[in-house]
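The values are calculated or read from the model by the stated rules, or taken from the named source; none is laboratory data. The model shown is predicted, which means the values in this text are computed figures rather than measured ones. Cβ atoms come from the backbone with ideal geometry, glycine included; neighbour counts cover every protein chain shown. The area values use the complete protein model at the heavy-atom level, side chains included, leaving out ligands, DNA and RNA. Shrake-Rupley method; radii C 1.70, N 1.55, O 1.52, S 1.80 Å.
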Amino acid sequence: MGFRPIANTRSATGIMTAKLAIWWLIASEIVIFGGLLASYLMHRLAHPEWGYYAEHTNVYAGSLNTFILLTSSLFAVLAHHAAQQGDGKKAARNLLITCGFGLGFLVVKSLEWSSEISHGYTITANTFWSFYYTAAGIHGAHVIIGMACMLWVANTARQGKELHRVENVGLYWHFVDLVWIFLFPLLYIAK
Amino acid sequence: MAEHAEAQDGHDDHGHDEHHDVSFYYKTYAVLLVLLVVSILGPEVGEATGLKIITLITAFGIAVVKAGIVIRNFMHLHTEKTFVHYFLITSLAFMALFFFAVAPDVMKHEGTRWENKAAKAWIQKVEAEYAAGGGDHHGADAAGDHGEKTEGDAHGEAAEHH
C-alpha cells in the first residue's frame, strides 16, 4: 500500500479528518466574513446616506455574478455526485466547469470594478466604497483560492485518485457561494 | 484498515450516504434561480410601492432561504455529525456577540453625555446634496475636496463630549 496522508485515512471523530478540517475552515471563515458583514451592517444602519452611495453599484453585474456562482455550485455538487459513483473523469470535468464559472465571476467582477473606478468610486472614496471593495475583494480572493484547489483536485480525480477530495473542495466552494448570497443584497440591493 | 478501505472509495464512515438522483440537484438549482429572480424584482416592487418591508423580505429573507437550501441540498449539512453543527453555530454566535457588543457604539450618534455632531452633520449634508440632485457625481464627491477628513470625523473621531 502506497503512502497516503493521514488526513485522508483517519476518522477518529466519525468524520474523515480531511473533511473535518474543511468544516473547521468554514467555521473560521464564518467569523472572518461574519465580522466584516456585521461591521458593514451596523455602519449601514447608522448611515442612511449609504443608500445613495449604493445606488451606484451595478445591480445587473451583481445579479449576473449571483447566477454564475449558483450555477457553479450546481456543477460542484454534480462533481461530488460523480465522485460518489466512482466516476473520477466526470467529477474532474464538472470541477473544471465549476472553475470556468469561477473565472466568469472574476471577469464580470473586474469589468464592474474597472467601470466603477473609472467613475471615481474608489476604495478611498468613502467608507461605503471601502467596505464594498474590501468585502468583494476578500470574497474574490476566496474564489481564486477555490479555483486553484479545484484544479488540483480535478487533476487527481481525473486519475481516479482521492475522490473524497471532490466533496471537500465542493464544501469550500459552496461556502464561497453562500457568502456571495449575503453580499449581493447587502451591497447591491439595499438602497 | 476498514477506514483505509472507505477512504479509498471516497466515502466517509459517518453515515453520509444520502444518495440523491442528479435530477434532485437540477430541481434545487431551478428553485434557487427562481428565488434569485424574486430577490431582484422584489426590491423594485418595494421601491415602486414605497413598501420597504417588501424589499427586506425579498432581498434578505430570500437570501436566508437560498443559503438554507444550499447548506441542506448541496452541502448536506444535515447528514453530518451533530458536533459539526455545534461548532458552526458557535462561530455564528461569536458573530452575533460581536455585532451586539459593538453596534450600540457604532449605530448611535448620541448618548447620555455625548453627541457625534460631525456624523449628524455629514448625514444631513449628503442627504441634502442628493435631494438637490447634486450628490450623484460619484462616490469621490464625498472624498474629494471636503470628504475625506469629514468622513473620518463622521465616524467618531470628532465626537464631541459634553
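Within the range B:45-59, which residues are out of contact with any Ser or Thr (no Cβ under 9 Å at 6 or more places or on another chain) and either assigned to a helix (DSSP H, G or I) or surrounded by 13 or more Cβ atoms within 10 Å (Cβ to Cβ) (or both)?
Result: B:Ala48, B:Thr49, B:Lys52, B:Ile53, B:Ile54, B:Thr55, B:Leu56, B:Ile57.
Here are some conditions: (1) touching a helix residue (DSSP H, G or I) at 6+ places or on another chain (Cβ under 9 Å); (2) open to solvent by 60 Å² or more (accessible area, probe 1.4 Å). A:Ala92 meets all but one. Which one does it not meet?
(2)
Before we move on, is A:Gly137 surrounded by fewer than 23 Cβ atoms within 10 Å (Cβ to Cβ) and over 19 Å from A:Val31 (Cβ atoms)? Let's see the steps before the verdict.
Values: surrounded by fewer than 23 Cβ atoms within 10 Å (Cβ to Cβ): yes; over 19 Å from A:Val31 (Cβ atoms): no.
For A:Gly137, the condition - surrounded by fewer than 23 Cβ atoms within 10 Å (Cβ to Cβ) and over 19 Å from A:Val31 (Cβ atoms) - is not met.
With open to solvent by less than 30 Å² (accessible area, probe 1.4 Å), closer than 23 Å to A:Leu36 by Cα and at pLDDT 95 or above as the only criterion, which of A:Phe105, A:Phe128 stands out?
Working: A:Phe128 fails: at pLDDT 95 or above.
After ruling out the rest, the residue left standing is A:Phe105.
May I ask you to list the residues in the range B:105-117 that are assigned to a helix (DSSP H, G or I) and among the β-branched types (Val, Ile, Thr)?
Step one: filter the range B:105-117 for residues assigned to a helix (DSSP H, G or I), giving B:105-107, B:117.
Within the range B:105-117, B:Val106 is the sole residue that qualifies.
So, in the range B:67-81, exactly how many residues are open to solvent by less than 10 Å² (accessible area, probe 1.4 Å) and at the interface with chain A (Cβ under 7 Å from one of its Cβ atoms)? Walk me through how you get there before you give the answer.
Restricting attention to the range B:67-81, the residues satisfying the condition of being open to solvent by less than 10 Å² (accessible area, probe 1.4 Å) are B:67, B:70, B:74-76.
Filter again for at the interface with chain A (Cβ under 7 Å from one of its Cβ atoms), leaving B:67, B:70, B:74-75.
Total meeting the criteria: 4.
With the condition kept exactly as written, say whether any residue in the range A:157-165 is at pLDDT below 95, over 15 Å from the mean Cα position of the chain (by Cα), closer than 24 Å to A:Leu95 by Cβ and open to solvent by less than 30 Å² (accessible area, probe 1.4 Å).
yes
Considering only residues that are closer than 26 Å to B:Pro104 by Cα, out of contact with any Ser or Thr (no Cβ under 8 Å at 6 or more places or on another chain) and more than 7 Å from every other protein chain (Cβ to nearest Cβ), which ones fall in the range A:14-40?
Once the filter is applied, which keeps residues that are closer than 26 Å to B:Pro104 by Cα, out of contact with any Ser or Thr (no Cβ under 8 Å at 6 or more places or on another chain) and more than 7 Å from every other protein chain (Cβ to nearest Cβ), the range A:14-40 yields A:Glu29, A:Ile32, A:Phe33, A:Leu37, A:Ser39, A:Tyr40.
Take B:Leu32 and decide whether it is open to solvent by less than 40 Å² (accessible area, probe 1.4 Å), in contact (Cβ under 8 Å) with a residue 24 or more places away in the chain, within 8 Å of chain A (Cβ to nearest Cβ) and of a type outside the set (Val, Ile, Thr). Let's see the steps before the verdict.
On the way: open to solvent by less than 40 Å² (accessible area, probe 1.4 Å): yes; in contact (Cβ under 8 Å) with a residue 24 or more places away in the chain: yes; within 8 Å of chain A (Cβ to nearest Cβ): yes; of a type outside the set (Val, Ile, Thr): yes.
Considered against the rule, which asks whether it is open to solvent by less than 40 Å² (accessible area, probe 1.4 Å), in contact (Cβ under 8 Å) with a residue 24 or more places away in the chain, within 8 Å of chain A (Cβ to nearest Cβ) and of a type outside the set (Val, Ile, Thr), B:Leu32 comes out as yes.
Here is a list of conditions, (1) over 17 Å from the mean Cα position of the chain (by Cα); (2) facing chain B (nearest Cβ under 9 Å); (3) over 23 Å from B:Leu88 (Cβ atoms); (4) open to solvent by 30 Å² or more (accessible area, probe 1.4 Å), and A:Arg44 meets all of them except one; can you say which number that is?
It is condition (2) that A:Arg44 fails.
Can you find, within the range A:51-79, the residue that is most open to solvent (accessible area, probe 1.4 Å) among those that are more than 9 Å from chain B (Cβ to nearest Cβ) and touching a Ser or Thr at 6+ places or on another chain (Cβ under 9 Å)?
Looking at residues that are more than 9 Å from chain B (Cβ to nearest Cβ) and touching a Ser or Thr at 6+ places or on another chain (Cβ under 9 Å), I get A:Asn58.
Which residue, of B:Lys120, B:Lys66, B:Lys125, is without any contact (Cβ under 8 Å) to a residue 60 or more places away in the chain, basic (Lys, Arg), in a helix (DSSP H, G or I) and touching a Leu at 6+ places or on another chain (Cβ under 6 Å)? Even if it seems obvious, please write down each step before you answer.
Numbers: B:Lys120 fails: touching a Leu at 6+ places or on another chain (Cβ under 6 Å); B:Lys125 fails: touching a Leu at 6+ places or on another chain (Cβ under 6 Å).
Within the list B:Lys120, B:Lys66, B:Lys125, the selection yields B:Lys66.
When both residues are 6+ apart or on different chains and their Cβ atoms are under 9 Å apart, which pairs have a first residue that lies in the range B:69-96 and is touching a residue at least 40 places away in the same chain (Cβ under 8 Å), and a second that is assigned to a helix (DSSP H, G or I) and β-branched (Val, Ile, Thr)?
Here the result reads B:Ile69/B:Thr28; B:Ile69/B:Val31; B:Asn73/A:Val77; B:Asn73/B:Thr28; B:Asn73/B:Val31; B:Phe74/A:Val77; B:Phe74/B:Thr28; B:His76/A:Val77, each pair linking the range B:69-96 to a residue that is assigned to a helix (DSSP H, G or I) and β-branched (Val, Ile, Thr).
Inside the range B:82-102, can you point out the residues that are more than 9 Å from every other protein chain (Cβ to nearest Cβ) and among the β-branched types (Val, Ile, Thr)?
Within the range B:82-102, B:Thr82, B:Ile89 meet the criteria.
Check whether at least one residue in the range A:156-163 is charged (D, E, K, R) and more than 13 Å from chain B (Cβ to nearest Cβ), and report yes or no. Break it down into steps so the answer makes sense when it comes.
Within the range A:156-163, the subset charged (D, E, K, R) is A:158, A:161-162.
From what is left, the residues that are more than 13 Å from chain B (Cβ to nearest Cβ) are A:158.
Among the residues of the range A:156-163, at least one is charged (D, E, K, R) and more than 13 Å from chain B (Cβ to nearest Cβ), which makes the answer yes.
Do we find a residue being modelled with pLDDT of 95 or more, open to solvent by 60 Å² or more (accessible area, probe 1.4 Å), more than 7 Å from every other protein chain (Cβ to nearest Cβ) and over 24 Å from A:Tyr52 (Cβ atoms) anywhere in the range B:103-111? So that I can check it myself, show each step before the final result.
Of the residues in the range B:103-111, the ones modelled with pLDDT of 95 or more are none.
Checked against the condition, which is being modelled with pLDDT of 95 or more, open to solvent by 60 Å² or more (accessible area, probe 1.4 Å), more than 7 Å from every other protein chain (Cβ to nearest Cβ) and over 24 Å from A:Tyr52 (Cβ atoms), the range B:103-111 yields no hits at all.
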